[in-house]
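Taking it in order: structure first as structure tokens, then the write-up.
Nothing in this text is a laboratory measurement; each read-out follows from the coordinates by a stated rule. This is a predicted model, so every value here is computed, not measured. When we count neighbours, we look across all protein chains shown, and the Cβ atoms used for this are built from the backbone with ideal geometry, even at glycine.
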Amino acid sequence: MEKLILPEQDIINALCVYVSRKKQIKPEEVEVELMFDDDTGFSAEVFWNGRKQVLIMSNLIEAIRLWIEEYLNGDPFAGIKLELDDEQGIIALIG
């Protein structure tokens, strides 16, 4: 099976949907900043209604699984690997 590359914008969209469902707000009300640190790995800061929350790697994977299942009609349990790409930013390799 060929690997699917999920671009940074799709990861951000997935996190907006994920957080909106947890907080019972609209995805458009969520802002996301993806981050990478050599020590802690991948994470994201999410903002809504004047609030801020830091999501860790497991939250990112959970959000991407939701996106794969509902928006790409794919297998949410396919392997997911996040990578930092010099040109594309943070991407997810799926499959």
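A few comments on the model shown:
- Screening GLU8 against (1) out of contact with any strand residue (DSSP E or B) (no Cβ under 8 Å at 6 or more places or on another chain); (2) acidic (Asp, Glu); (3) surrounded by 13 or more Cβ atoms within 10 Å (Cβ to Cβ) leaves a single unmet condition, (1).
- Selection within region 78-95 - surrounded by fewer than 13 Cβ atoms within 10 Å (Cβ to Cβ) and in a loop (DSSP other than H, G, I, E, B): GLY79, ASP86, GLU87, GLN88
- Candidate set: region 34-77, residues that are surrounded by 14 or more Cβ atoms within 10 Å (Cβ to Cβ) and of a type in the set (Gly, Ala, Ser); chosen: the one farthest from ASN13 (Cα to Cα): GLY74
- Residue-level check: of (1) assigned to a loop (DSSP other than H, G, I, E, B); (2) buried (at least 16 other Cβ atoms within 10 Å of the Cβ), LEU15 misses just (1).
- Cβ pairs under 9 Å, 6+ apart, first in region 1-21 and farther than 20 Å from VAL54 by Cβ, second part of a helix (DSSP H, G or I): LEU4/ILE68; LEU6/ALA14; LEU6/ILE64; LEU6/TRP67; LEU6/ILE68; ASP10/ILE64; ASP10/TRP67; ASP10/TYR71
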